[in-house]
Amino acid sequence: MIRRARIPDAKSIHKLLIGYAKDGLMLSRSLSEIYETIRDFYVYEEGGDVVGTVSLNICWEDLAEVRSLAVLESCGLKGIGRQLVMACLEEARQLGVKRVFALTYKPGFFEKMGFHLIEKSELPHKIWSDCIKCAKFPECDEIALSIEL
């Protein structure tokens, strides 16, 4: 079941994200940062446990980012990630956002959902503020994709 994240979910979200961050697959987010942005998150709950998460970060009047997409490895290939991203896209539509992007190492996943490859230079410089925290900055090897809504 997908639902909006609540304060008690923050530690579970953090645990999911930190696992991927340790493997260099996503930017680490502190527990404090998760609490501060909890309203941006969705979770996928199964049997009372958070097994997936994603957030929608509004960047500008017409641009948002799908970020922090993580699904417990043992729950992979069930369509949970797809459902989480679809929840973000639906919210973006409701808010009137025209374009959503993602930075990822798994472009095929997003391409199957209608995203297309773009050059990172097409994105406004404002979105790179989080990148400064990354150990890979400025040599980012993530792939940028976007979808028009």
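Each value in this text was obtained by applying a stated rule to the coordinates, not by laboratory testing. Because the structure is a prediction, the values reported are computed rather than measured. Every residue, glycine among them, receives a Cβ derived from its backbone with ideal geometry; neighbour counts consider all protein chains shown.
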With the convex hull built on the Cα atoms of segment 2-148, state its orientation-averaged projected area in nm². 8.3
Taking 0.36 nm per residue of separation between LEU149 and GLU111 and subtracting their Cα-Cα distance, the length gained on full extension comes to 12.2 nm
List the residues, sorted by chain then number, that are 5 or more residues from ILE143 or on another chain and whose placed amide H is less than 5 Å from its amide H. THR104, TYR105
Please give the Cα centre distance for segment 3-40 versus segment 62-120, rounded to the nearest Å. 16
Count the lysine pairs in the chain whose Cα atoms sit under 18 Å apart, keeping only pairs 8 or more residues apart in sequence or on different chains. 13
Long-range HN-HN contacts of MET26 with modeled amide H, under 5 Å: ALA21
Which of GLU65, GLU46 has the fewest other C-beta atoms within 10 Å, and how do the rest follow up to the most? GLU46, GLU65
Only helices counted: for the chain, with every DSSP H run of 4 or more residues adding -39500 (n - 2.57) and the sum spread over all residues, [θ] at 222 nm is -8000 deg cm²/dmol
Phi to ³J(HN,Hα) by Karplus 6.51 cos²θ - 1.76 cosθ + 1.60 over segment 7-18, Hz, x for Gly, Pro: 3, x, 7, 4, 5, 5, 4, 4, 4, 4, 5, 5
Can you list the residues of segment 20-51 with backbone N under 11 Å from a point 7 Å past the Cα of LYS78, pointing along Cα to Cβ? 44-51
I need TYR35, TYR44 ordered by Cβ neighbour count within 10 Å, fewest first. TYR35, TYR44
Would you mind checking which residues have amide H under 5 Å from GLU46's amide H? H placed 1.01 Å from N; only 5 or more apart, or other chain. VAL51
In whole Hz and in residue order, list the ³J(HN,Hα) couplings for segment 84-93 that follow from phi through the Karplus curve 6.51 cos²θ - 1.76 cosθ + 1.60, θ = phi - 60°; x for Gly and Pro. 5, 5, 4, 4, 5, 5, 5, 5, 4, 4
I'd like the antiparallel share, as a percent to the nearest 5, of DSSP beta bridges with both residues in the chain. 90
Based on the Cβ-Cβ distance of GLN94 and LYS120, what FRET efficiency does E = 1/(1 + (r/R0)^6) give at R0 = 25 Å, to the nearest 0.05? 0.40
